[in-house]
Amino acid sequence: MKKKLKYIIVVLMLALVYMVGGKVLDKMYLGKFSIYDYTGSNRFTTVNKVIEKRFNKAKTAILVNTERIDQVVTVSPYAYAKDYPVFYTEKERVLKPIYDQMAKLGVKNVIIIGGVNQISESAQRGLERNGYKTERIVESPGIDMSIKIANLLNITKKSNSIIVTSEDEFDLPNAISASPFAQSNNIPIIVMNNSEKDIIKLEKYIRENGIKKSYIVSNNNYFNTNLEKILPDVSKIEGKDRYSINTKIMNTFYKNEKNKKVYISKGGELLHKRHLGSGQLINAMAISPLVADNKAPLMFIENNYFSTEDNKIIKSKGYKEINEVGFKIERRKFFNVERFKVASTLILIIVSLLIVARILKPNVMNL
């Protein structure tokens with residue numbers, strides 16, 4: 001009996017060491033970084049946190065449907081150039097956190113992106129009943145809306161470059177990765193499909209606006225070769241998925257070794273193995289103007305913790321300031337598949353199992 005008690009005490013001590021040690025490691029995990037957090041209770045309050053950081057006052061704001069990521073990325077360089085805050089809303093109503101933040105900023109005018117299929121008439125009437133003057137930028141989704149916004153951007157400040165991505169939902173996060181660079185450099189983002197019709201429309205825009213530099217930011221082999229033929233001085237940033245492309249964008253556009261800031265967001269939650277949820281992507285877009293202000297990269301990670309590859313990137317870039325967007329970065333937990341690669345964890349598991357086995361062995365023999 002005393003022997004069993006001894007083993008039980010040892011197991012309890014190991015558990016206690018793990019719990020206390022875990023808390024110590026949690027505090028030490030990001031201890032070498034300056035941490036800034038932009039995380040609200042939901043995507044709308046996260047947006048408000050970023051807006052509060054960038055704006056004291058704003059007479060005009062832009063309103064976009066939170067599910068229309070194609071329009072969200074297209075409008076971002078224009079909003080940045082005009083210094084307009086961007087709010088993301090549901091189709092049928094404008095939520096209270098948005099009204100509260102617009103009131104704080106003193107917003108009087110609201111530009112609605114898209115027709116009534118994107119933001120409904122009832123949502124617009126709600127804005128007007130609350131004293132806001134509204135106008136809509138209406139065009140067919142996709143390349144037509146992209147070109148319309150690009151032309152508005154050119155009125156504010158002429159650009160001779162474009163970034164091109166596809167309207168495929170797994171390609172749009174790549175446009176989000178490139179969005180801070182596009183905003184800070186006044187570059188329109190063109191969202192299009194792979195049709196000859198869209199290529200002809202883009203060719204016309206390039207010709208009429210004297211475009212001299214272009215970037216394709218897309219998953220591998222999405223666009224047909226005819227697109228490259230009409231693009232001037234084209235650079236391709238492609239990869240197998242949004243994470244590999246995000247890394248390539250960081251390496252291509254952010255080579256300033258003196259800038260030690262990085263903004264970290266999730267790359268979009270996979271739903272039913274076929275769709276990407278918009279919530280995490282909206283968090284990333286919300287922070288993008290602040291990322292553009294600081295000429296820093298936006299980094300996507302897949303989990304709440306840094307993977308081995310994430311750690312390598314952060315170490316190689318020498319980042320000192322980490323900005324969390326929409327979630328808090330955690331230490332990799334004990335019971336995590338990737339963490340089982342750590343030798344010390346394996347040893348602890350084996351020791352615990354051996355102790356339990358020795359406790360149970362007499363009882364099994366007695367049976």
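The values are calculated or read from the model by the stated rules, or taken from the named source; none is laboratory data. The model shown is predicted, which means the values in this text are computed figures rather than measured ones. Glycine also receives a Cβ, built like all others from the backbone with ideal geometry; neighbour counts cover every protein chain displayed. Just the protein is used for accessible areas: all its heavy atoms, side chains included, with ligands, DNA and RNA removed. Shrake-Rupley method; radii C 1.70, N 1.55, O 1.52, S 1.80 Å.
Only one of the numbered conditions (1) more than 17 Å from Ile163 (Cα to Cα); (2) surrounded by 12 or more Cβ atoms within 10 Å (Cβ to Cβ); (3) of a type outside the set (Lys, Arg) is violated by Ile216, and that is (1).
Remark: pairs (first residue in region 87-102, among the acidic types (Asp, Glu) and surrounded by fewer than 16 Cβ atoms within 10 Å (Cβ to Cβ); second residue at pLDDT 95 or above and not in a helix (DSSP H, G or I); Cβ separation under 6 Å; 6+ apart in sequence or on different chains) = Glu92/Ser120. In region 277-303, the residues that are crowded, with 20+ Cβ neighbours inside 10 Å never reach a residue that is at pLDDT 95 or above and part of a loop (DSSP other than H, G, I, E, B) with C-beta atoms less than 6 angstrom apart, at least six apart or across chains. Within region 141-163, the set of residues being touching a Leu at 6+ places or on another chain (Cβ under 7 Å) and either β-branched (Val, Ile, Thr) or part of a strand (DSSP E or B) (or both) comprises just one member, Ile143.
Scanning region 169-200 for residues that are assigned to a helix (DSSP H, G or I), surrounded by fewer than 18 Cβ atoms within 10 Å (Cβ to Cβ) and either among the charged types (D, E, K, R) or in contact (Cβ under 8 Å) with a residue 12 or more places away in the chain (or both) turns up Glu196, Lys197.
Output yes when any residue across region 292-304 is assigned to a helix (DSSP H, G or I) and modelled with pLDDT of 95 or more, and no when none is. Scanning region 292-304, I find at least one residue that is assigned to a helix (DSSP H, G or I) and modelled with pLDDT of 95 or more, so the answer is yes. Being open to solvent by less than 30 Å² (accessible area, probe 1.4 Å), within 22 Å of Leu281 (Cα to Cα), out of contact with any His (no Cβ under 7 Å at 6 or more places or on another chain) and at pLDDT below 95 is not true of Thr74.
Candidates are the residues of region 86-117 that are in a strand (DSSP E or B) and among the polar types (S, T, N, Q); the one that is nearest to Arg136 (Cα to Cα) is Asn109. Kindly provide the set of residues from region 36-71 that are small (Gly, Ala, Ser) and open to solvent by 30 Å² or more (accessible area, probe 1.4 Å), ordered by number. Ser41 - this is the single residue of region 36-71 that is small (Gly, Ala, Ser) and open to solvent by 30 Å² or more (accessible area, probe 1.4 Å). Got at least one residue in region 118-132 being of a type outside the set (A, V, I, L, M) and either crowded, with 22+ Cβ neighbours inside 10 Å or in a strand (DSSP E or B) (or both)? Within region 118-132, none of the residues are of a type outside the set (A, V, I, L, M) and either crowded, with 22+ Cβ neighbours inside 10 Å or in a strand (DSSP E or B) (or both). Residues that are more than 21 Å from Asp241 (Cβ to Cβ) and not in a helix (DSSP H, G or I) were ranked within region 305-328; the one that is modelled with the lowest pLDDT is Lys328. Picking from residues in region 304-329 that are among the β-branched types (Val, Ile, Thr) and in contact (Cβ under 8 Å) with a residue 40 or more places away in the chain, the one that is nearest to Gly279 (Cα to Cα) is Val325.
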